[in-house]
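Quick notes on the structure that follows.
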Amino acid sequence: MQGPSTPAMFVKPSSSLVGHGQPIRVKERYGRVHPEPELTVVIGTGGAELTIDEAPGHVFGYTIMNDLTSPTMRGDDTFHYRAIHPDPDDPNGIRYVDSWVSYPARYKGADTFGPLGPWVVTTDEVPDPHALRIQCRHDGRVVTDDNTGNLRFSVAEVVSFTSQYLTLEPGDVIAMGTALRASAKGGAVQNVDLVRLGGTVEVEIEGIGVLSNPVEHH
């Protein structure tokens, strides 16, 4: 499993949130859309600038996220520009730096993207969040078979890092990163194009449950 280089705080309007059993709505103009199975942390006690030792005490429990992604929209919303920076050799000068920018609002945050569920399991029921088998299935076929022990960063590190920039509030959720290890039969989540294939996608995490959502074309 490969977690993100920086933790991802998931924030969406409540009207667009989807839970277990509810449909994921996709449209042809989205292009390709694939699932991303992720362990998700639910904050119980708010706080800011938490140390790694303090961070676990602010976690209420865990749930599952299917962090749906459209690479097509990501490509459309990624662009090159020339950024203006101070010139390190001239305190009064500037320099131009070629940069790339990507806006995730559409390709990660379209309506019904990011289903959560089926429930929250409290920390006392999950002795070690870094020893959980995680699978992603499409129409019953196992696509991903991974383990949270492969996360790049620990829950404590991610919660602490996030709190350095965002004051955490009870009920906040933080996605830990996508499980990418292919199943024994091969395949990859990037090949499961839900716009083309439809069907039902499931994410199962040991000790937490199964998040299942049908796909609807609109």
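For the stretch 111-139, how many residues are without any contact (Cβ under 8 Å) to a residue 60 or more places away in the chain, out of contact with any helix residue (DSSP H, G or I) (no Cβ under 8 Å at 6 or more places or on another chain) and in a loop (DSSP other than H, G, I, E, B)?
The initial filter retains those residues of the stretch 111-139 that are without any contact (Cβ under 8 Å) to a residue 60 or more places away in the chain, namely 124, 127-128, 130-131.
Pick out the ones that are also out of contact with any helix residue (DSSP H, G or I) (no Cβ under 8 Å at 6 or more places or on another chain) and you get 124, 127-128.
Then keep just the ones that are in a loop (DSSP other than H, G, I, E, B); that gives 127-128.
Total meeting the criteria: 2.
Restricting to the stretch 147-184, name every residue that is among the acidic types (Asp, Glu) and under 15 Å from the mean Cα position of the chain (by Cα). Please lay out each step first, then the result.
Step one: list which residues in the stretch 147-184 are among the acidic types (Asp, Glu), which gives 157, 169, 172.
Listed by number, the list holds a single entry, 172.
Considering only strands (runs of 3 or more DSSP E) fully contained in the stretch 10-110, which possess at least 1 residues that are out of contact with any Pro (no Cβ under 9 Å at 6 or more places or on another chain), farther than 30 Å from residue 138 by Cβ and of a type in the set (S, T, N, Q)? I'd like the intermediate steps shown before the answer.
Working: elements: 24-26, 37-43, 59-66, 78-87, 90-102.
By residue number, 90-102.
Sort through 134, 94, 64 and tell me the only one that's of a type in the set (Val, Ile, Thr), exposed (fewer than 14 other Cβ atoms within 10 Å of the Cβ) and modelled with pLDDT of 95 or more.
Numbers: 134 fails: exposed (fewer than 14 other Cβ atoms within 10 Å of the Cβ); 64 fails: exposed (fewer than 14 other Cβ atoms within 10 Å of the Cβ).
Residue meeting the stated conditions: 94.
Among what's in the stretch 105-131 and is surrounded by fewer than 19 Cβ atoms within 10 Å (Cβ to Cβ) and touching an Asp or Glu at 6+ places or on another chain (Cβ under 9 Å), pick the residue that is farthest from residue 45 (Cα to Cα).
Ranking the candidates gives 106 first.
The values are calculated or read from the model by the stated rules, or taken from the named source; none is laboratory data. A quick note: this is a predicted structure, and the numbers were derived from the prediction, not measured. Note: ideal-geometry Cβ built from the backbone for every residue, glycine included; neighbour counts use all protein chains shown.
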